1. What is the Cα radius of gyration of the stretch 287-415 over 2.2 N^0.38 Å, N being its residue count?
2. Using the Cα atoms of the stretch 1-151, I'd like the radius of gyration and the largest Cα-Cα distance, Dmax, both in angstrom.
3. May I have the convex hull volume per residue, in Å³, for the Cα set of the chain?
4. What per residue convex hull volume, in Å³, comes out for the stretch 211-301 when only alpha-carbon positions are used?
5. I want to verify a result. In a Gaussian network model of the chain, Cα cutoff 10 Å, which of these has the top mean-square fluctuation: Pro333, Pro175, Pro26?
6. If the viscosity is 1.306 mPa s and the temperature 10 °C, what translational diffusion coefficient in µm²/s does Stokes-Einstein give for the stretch 182-243 when Rh comes from Kirkwood over Cα pairs?
7. State the Kirkwood hydrodynamic radius of the stretch 224-377 in Å, one decimal place, computed from all pairs of distinct Cα atoms.
8. With contacts defined as alpha carbon pairs under 8 Å and 6 or more residues apart, what's the relative contact order of the chain in percent?
Amino acid sequence: MDLLYANDKAGEYPPSWYAATTPQLPPFAPLRGHLRADVCVIGAGYTGLSAALHLAQAGRKVVLLEAQRVGFGASGRNGGQLGSGQRVEQTTLERQHGHAVAARLWDLGQDAKQLVKGLIKEHDIDCHLTPGVAWTGSSAGDVEHLHRYAGHLHERYGYAEMDILDGPACRAICPSPDYQGGILDRDAAHLHPLALALGLARAAQKAGVQIFEQSHVTKIDKGAPASVTTAQGQVTADHVILACNGYLSGLDRRVAAKVMPINNFIVATEPLGARMNDVLPKDVAIADSRFVVNYFRRSHDGRLLFGGGESYGYRFPADIAATVRKPMSVVFPQLEDVKIDYAWGGTLGITMKRFPYLARLAPNMLSASGYSGHGVGTATHAGQLMARAVQGDGDGFDVMSQIPSPSFPGGGALRTPLLVLAMTWYAMRDRLGV
């Protein structure tokens, strides 16, 4: 099944609140005929847009191919949270790789966060960047873990941007009966993800990147130079960058074995008006400690944007709003009957260890994907790291790519059933509170 078209119409953005509230770019033409480039980038999400932008600014001739629309995938549909560090906690990275490597990965994660903030400022991208992301705990054990982790970041990494939230402090930010405490990361932020993607596309185009939409890549011939084929055209390039994440399809078996596409869902409620004070009295984003994570924030027009829900398999559920309403009603019982104006799904890429998979697939072919829900910063940064690697500076890319990434057991045939079993088990634990 090709996820590029399994749940969405060709050449159209999903019916999301994001697509409804940001000016879209005029469509870029499909690739027709043959082009020669220094670098061919495949995929126009955060990774591909960042790679293309940085390469063009360095004077490289760049062709960017997108099967659908710029920012069509997870980059234009996600929860909009720009987090600190890596997706994996530092304590886990320390156990797995030692403190020196973990410290380098922390620094790279912080670089990613600052890169996004810097790009927004440099290119004057109007994406409603707002500081503050809180992590909340639904049990005393979860809250204790979050408090210990904030202390660890302060003591070992000098990170002093975390506020400890006891029960009353947590309820002052998010008065949900489901949460007992947490931490507030003041240097993390939230934003309008599609507006960010489109802003990066404008910047890339201005820098000289040739962007082609509805140009589905069907074949890559590795070589020096490499050849990239679409339905109506071909690009010959000295370097190729794969930036497809959950929409890789069959372009590379090695990446496909390590990065699995899964779906996630978000709704936008009707404008809440004064009721927002009973939901999110402060304009910070929230992500909770459940394995099947709930994440939510205010919109700039006064709605609640809530992401969550369970669905297995590659097809979106017939009623996305009903799927997300279930966990939303647990977190906010007072919104059980609230009107939902928008509901949409998206496909992201995850890895076994929840650490992104960066790889050199050939001497002149790089790939980055599998951001596992931490892509706003990490994907944008991965694009910059690949751009630097193409230019001969592989330091940051090599640090990330040397982290082992196991393949999913059973390959394509068994990985989805195994994931269903695992997710069902963890979802049951969430519901039981164990």
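1. On the way: Rg = 18.6 Å, N = 129, 2.2 N^0.38 = 13.9 Å.
Computed over Cα atoms of the stretch 287-415, the ratio equals 1.33.
2. 19.3, 61
3. On the way: hull volume 55.8 nm³, N = 434.
Spelled out: Cα convex hull of the chain, divided by residues, is 129 Å³.
4. Values: hull volume 16.2 nm³, N = 91.
Roughly 178 Å³ of hull volume per residue.
5. Pro26
6. Values: Rh = 14.8 Å.
It diffuses with D of about 107 µm²/s by this estimate.
7. Details: mean 1/r = 0.0561 Å⁻¹.
Hydrodynamic radius (Kirkwood, Cα pairs) of the stretch 224-377 is 17.8 Å.
8. Working: 949 pairs, mean separation 101.5, N = 434.
Once divided by the residue count of the chain, the mean separation gives 23 percent.
Readers should treat all values here as calculations from the given coordinates under stated rules, not as data from a laboratory. What you see is a predicted model, and the numbers here were worked out from it, not measured in a lab. A quick note on method: Cβ atoms are made from the backbone with ideal geometry, for glycine too, and the neighbour counts reach across all protein chains shown.
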